[in-house]
Amino acid sequence: MPEFENRTRRELSAALRELLREEPLDQLRVRELTERCGLRRQSFYYHFKDVYDLLAWAVRQERALLADRLAECLTWRQALLALLDRAGEERAFYRAVLDQYGQEGLGEMIPLEEALEAVQIYYRDRCGRPPDRNGEERDRRRSRAMLLSLLEGWVRNEGALPPEELADALERVAERGAEGAVWQTLRERGEWCWTP
C-alpha cells in the first residue's frame, strides 16, 4: 500500500481516537472524521466502508503497537504497567472497543498470550524449572481472564487507581496468595507449627 494511503488511514484513525473522547462511537459521523483531517468524504470511503470498518483497522494497528511494547517487557509488572499506561492514554478508544466488541474483542486487540508466555519463560528460566506446557498454558488462560477483567474495570472507571498503585495492589495479592500456598503446603506435610 502506498505511503499516502497509510498516512490517510493513520490520520483518520487519529481523528477517530480524538472524537471518541468527545462522543460515543455510534454517534460519530464520517463528515466529522473527514473535517477533522481536512479530507473529502470520498477519501474516507476509498479506505473504509464506514466508521466501524475504521475502528476494526485501528484495532489491528493497536494490536501491532502493543505487541511491540509488550515484547520488550520481562516481568509481569513491566507488561502490566506498559498496558495500563497505553490504555490510560487511549481510554476512550479502549472503551469504544469494549462497547463494540466486548471483553473478548479487547482480548483480541491485546496480545496478552505472547506477553504472558514471555513472562513465564523469564521466571521459569530464572528459577531453573523445566517447561510444563500444560500447566503453563492453564496459568496463561487464568491470567488472561483475570487481566482482561481487571483491564475492563479499569478502563471503564476513570477514577480507578493509577497504574503504579494498581500494580502494587496486585503484587500484594499475589504475595498473600503465595504465603497462603506455602502455609497450606507446610500444613499438609505436617511441617507447620504455629507459636504465638
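No value in this document is a laboratory result; all are computed from the given coordinates. In this text, all values refer to a predicted model and were calculated from it rather than measured experimentally. In this analysis, Cβ positions are derived from the backbone assuming ideal geometry, glycine residues included, and neighbour counts consider all displayed protein chains.
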A student applying the Cα gyration tensor rule (rounded when a/c is under 1.5; otherwise prolate if a/b is larger than b/c, oblate if not) would label the range 118-165 oblate
Per the Kirkwood formula over distinct C-alpha pairs, the hydrodynamic radius of the range 41-138 in angstrom is 15.2 Å
Under 11 Å by backbone N from the virtual spin label 7 Å along Cα-to-Cβ at Leu74, the residues of the range 108-144 are 122-123, 126
